Amino acid sequence: MVNEAMKRRVAILISGRGSNMSALTEAAKAADFPAEIVVVISNKADAGGLAKARQSGIPAVTIESKPYGADRAAFEAALQSVLDRNKVDLICLGGFMRLFTAEFVQRWYGRMLNIHPSLLPSFSGLDPHGQALRAGVKISGATVHFVIPETDAGPIVMQGAVAVRDDDTPDSLAGRILGVEHRIYPDALRLVASGRTRLEGGVCRTMAGPAADALLISPDAS
Ligand code: GAR
């Protein structure tokens, strides 16, 4: 049991369907989860995740980024005021498709997580599944990392892997990796929110052992 007052206050930032947001909000319902989701913020009014958040009883706010155009700092000022109003301790990006200024990222360094559907540092940026298939890798996966100014980079908190199949399409691979994302994002947030991670020279150390089933070899030659 984690005392309500001890729970870290988390904002989830989304731009779309918000399936990772749902995985995080579901996990956070557990009494012993060390974080509570206090607000969901979308930069797009038509993001499917907004309705899902409201159905779960979580306040959902839209700050349309489009009217701000290239003025990222002005958008971030509006965002920061919502974060301040909600006394947010940690930010989780869940398919948030807007780049931040280096100033905003520095301000939240060590307190902002992102999930990306590849085993970083491979295949950052757009179309990571297509990139993985074109490279012919046999194992891919997902990564939860602290956000730094460089896109899809930063200290890695947790990764999960899947075998890539010869007949995979970007969609089929994305579907399997999404299942991994929904497992590792809540687990990574649990680690960070409970203070079991520390940043050391650009690397995240965790006070958690390696997974018991850490061996994945693919393809199977037998
Ligand atoms: C997820 O697959 C997430 O890893 C990816 O966007 C999707 C959002 O889905 N993020 C990135 O590619 C970040 N570079 P969701 O809205 O259902 O969580």
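The values are calculated or read from the model by the stated rules, or taken from the named source; none is laboratory data. As the structure is a computational prediction, the values presented were derived from the model and not from experiment. Positions of Cβ are generated from backbone atoms using ideal geometry, with glycine treated the same way; all protein chains shown enter the neighbour counts. Heavy atoms of the whole protein, side chains included, go into the accessibility calculation; ligands, DNA and RNA do not. Shrake-Rupley method; radii C 1.70, N 1.55, O 1.52, S 1.80 Å.
Select from the stretch 168-186 the residues that are polar (S, T, N, Q) and open to solvent by less than 60 Å² (accessible area, probe 1.4 Å) and list them in ascending order. Even if it seems obvious, please write down each step before you answer.
Start the filter on the stretch 168-186 by keeping residues that are polar (S, T, N, Q), which leaves 169, 172.
Across the stretch 168-186, the qualifying residue is only 172.
Among the listed residues 173, 133, which satisfies the condition of being more than 25 Å from residue 49 (Cα to Cα), outside any strand (DSSP E or B), of a type outside the set (Asp, Glu) and at pLDDT 95 or above?
On the way: 173 fails: more than 25 Å from residue 49 (Cα to Cα).
The unique qualifying residue is 133.
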Would you point out which residue out of 10, 40 is out of contact with any Lys or Arg (no Cβ under 7 Å at 6 or more places or on another chain), open to solvent by less than 10 Å² (accessible area, probe 1.4 Å) and without any contact (Cβ under 8 Å) to a residue 60 or more places away in the chain? 40
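Starting from residues that are under 13 Å from the mean Cα position of the chain (by Cα) and within 12 Å of the ligand (Cβ to nearest atom), keep the ones in the stretch 131-147 and report whichever is surrounded by the fewest Cβ atoms within 10 Å (Cβ to Cβ).
If we filter the stretch 131-147 for residues that are under 13 Å from the mean Cα position of the chain (by Cα), which is where we start, we get 142-147.
Retained after the next criterion (residues that are within 12 Å of the ligand (Cβ to nearest atom)): 142-145, 147.
Numbers: 142: 27, 143: 29, 144: 27, 145: 22, 147: 24.
Going through the qualifying residues, I end up with 145.
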Single residue of 58, 37 found to be β-branched (Val, Ile, Thr) and farther than 21 Å from residue 197 by Cβ: 58
Test set (1) open to solvent by 30 Å² or more (accessible area, probe 1.4 Å); (2) away from the ligand (no atom under 12 Å from the Cβ); (3) over 30 Å from residue 80 (Cβ atoms); (4) modelled with pLDDT of 95 or more - residue 216 fails condition number: (4)
Out of (1) under 23 Å from residue 17 (Cα atoms); (2) in a loop (DSSP other than H, G, I, E, B); (3) open to solvent by less than 30 Å² (accessible area, probe 1.4 Å); (4) more than 12 Å from the ligand (Cβ to nearest atom), the odd one out for residue 110 is which? (1)
For residue 153, indicate whether it is within 14 Å of the ligand (Cβ to nearest atom), assigned to a strand (DSSP E or B) and in contact with a Pro (Cβ under 7 Å, 6 or more places away or on another chain). no
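Only residues that are polar (S, T, N, Q) and either farther than 14 Å from residue 16 by Cβ or more than 16 Å from the ligand (Cβ to nearest atom) (or both): list them for the stretch 45-94, please.
First, the residues of the stretch 45-94 that are polar (S, T, N, Q): 55-56, 62, 65, 80-81, 86.
Within the stretch 45-94, 55, 56, 80, 81, 86 qualify.
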Tally time: how many residues in the stretch 168-183 are within 11 Å of the ligand (Cβ to nearest atom) and not hydrophobic (A, V, I, L, M, F, W, C)? 4
The correct count of residues that are in contact with a helix residue (DSSP H, G or I) (Cβ under 6 Å, 6 or more places away or on another chain) and open to solvent by less than 20 Å² (accessible area, probe 1.4 Å) in the stretch 148-161 is 2
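Within the stretch 196-207, how many residues turn out to be among the small types (Gly, Ala, Ser) and touching a residue at least 60 places away in the same chain (Cβ under 8 Å)? Spell out the reasoning first.
Keep residues of the stretch 196-207 that are among the small types (Gly, Ala, Ser), which gives 201-202.
Those still in the list that are touching a residue at least 60 places away in the same chain (Cβ under 8 Å) too: none.
Residues meeting the conditions: 0.
Any residue at all in the stretch 75-86 that's among the aliphatic types (A, V, I, L, M) and either open to solvent by 70 Å² or more (accessible area, probe 1.4 Å) or closer than 29 Å to residue 175 by Cα (or both)? It would help to see each step written out before you state the result.
First pass over the stretch 75-86, keeping only residues among the aliphatic types (A, V, I, L, M): 77-79, 82-83.
In the following step, the residues that additionally are either open to solvent by 70 Å² or more (accessible area, probe 1.4 Å) or closer than 29 Å to residue 175 by Cα (or both) were identified as none.
No, the stretch 75-86 contains no residue that is among the aliphatic types (A, V, I, L, M) and either open to solvent by 70 Å² or more (accessible area, probe 1.4 Å) or closer than 29 Å to residue 175 by Cα (or both).
Only one of 128, 117 is within 10 Å of the ligand (Cβ to nearest atom) and touching a Phe, Trp or Tyr at 6+ places or on another chain (Cβ under 9 Å). Can you tell me which? Steps first, please.
Numbers: 128 fails: touching a Phe, Trp or Tyr at 6+ places or on another chain (Cβ under 9 Å).
Of 128, 117, the one residue that is within 10 Å of the ligand (Cβ to nearest atom) and touching a Phe, Trp or Tyr at 6+ places or on another chain (Cβ under 9 Å) is 117.
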